[in-house]
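The values are calculated or read from the model by the stated rules, or taken from the named source; none is laboratory data. Treat the numbers as computed from the prediction; the structure is a model and nothing was measured. No Cβ is skipped: glycine too gets one built from the backbone with ideal geometry, and neighbour counts run over all protein chains shown.
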């Protein structure tokens, strides 16, 4: 399996209010994790070569996201996830499509909520593993290569659409089609009116425990 592994640790006791999140690159190419959340951990980004890992420290109640930027050149122009041609994103969200790891630590009832989302598209597999908690659910995330089954009109190829070359990302139905139905907005903004589209179902079939559209909580949101 080839993926970006993100593991987070629970506080050792009630007086220890700092968490550690370990980001481990198992992809056969460099990945530049991007990070957006309170405290701007690690300046919002860094480089990880194959089999490298790095720990970041966050507050016990941290709410933020982590994604991977890929195929970045010497000027930090990335084919996917680009956050402004710089290694440290410093609070700037990357450009879609990319796979997202989401964290809401100590959200309610002393539970951590975490998930992997494909709502804004896909670029690399991501897996989340909790360590140190009790009765934790494993967020299987997405360890399949959706780029291999991405519909042609959704493909990002070397940072550009519909060109020859390797597919490096897959746009979300909302981003590609821009319709209220695909984006779960307007008249389709509730669970009773917005349903998983054909393309979103392709995402779900490949990654059953990742969010494929906005109202996908039942099989995609995990707690510990």
request  = Of the numbered conditions (1) crowded, with 18+ Cβ neighbours inside 10 Å; (2) at pLDDT 90 or above, residue 149 fails exactly one; give the number of that condition.
outcome  = (1)
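Just to verify a result, which residue in segment 180-216, among those that are part of a loop (DSSP other than H, G, I, E, B) and touching a strand residue (DSSP E or B) at 6+ places or on another chain (Cβ under 7 Å), is surrounded by the fewest Cβ atoms within 10 Å (Cβ to Cβ)?
Pass one, segment 180-216, residues part of a loop (DSSP other than H, G, I, E, B): 184-185, 189-197, 207-208, 210, 212-216.
Those left that are additionally touching a strand residue (DSSP E or B) at 6+ places or on another chain (Cβ under 7 Å): 207, 210.
Numbers: 207: 24, 210: 31.
Only one residue fits best here, namely 207.
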task = Please enumerate the residues belonging to segment 81-123 that are over 11 Å from the mean Cα position of the chain (by Cα), touching a residue at least 24 places away in the same chain (Cβ under 8 Å) and in a strand (DSSP E or B).
result = 104, 105, 106, 107, 111, 112, 113
message = Scan segment 161-177 and tell me whether some residue there is more than 24 Å from residue 31 (Cβ to Cβ) and buried (at least 21 other Cβ atoms within 10 Å of the Cβ).
response = yes
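Answer with yes or no whether residue 8 is more than 14 Å from residue 125 (Cα to Cα), crowded, with 17+ Cβ neighbours inside 10 Å and at pLDDT below 95. Outline the logic, then answer.
Values: more than 14 Å from residue 125 (Cα to Cα): yes; crowded, with 17+ Cβ neighbours inside 10 Å: yes; at pLDDT below 95: yes.
In short, yes.
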ask   = Can you pull out the residues in segment 24-72 that are surrounded by fewer than 16 Cβ atoms within 10 Å (Cβ to Cβ) and assigned to a loop (DSSP other than H, G, I, E, B)?
value = 28, 29, 38, 39, 40, 47, 49, 50, 51, 52, 60, 61
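What do you reckon, is residue 109 over 28 Å from residue 175 (Cα atoms) and out of contact with any strand residue (DSSP E or B) (no Cβ under 7 Å at 6 or more places or on another chain)?
On the way: over 28 Å from residue 175 (Cα atoms): yes; out of contact with any strand residue (DSSP E or B) (no Cβ under 7 Å at 6 or more places or on another chain): yes.
Against the criterion (over 28 Å from residue 175 (Cα atoms) and out of contact with any strand residue (DSSP E or B) (no Cβ under 7 Å at 6 or more places or on another chain)), residue 109 qualifies.
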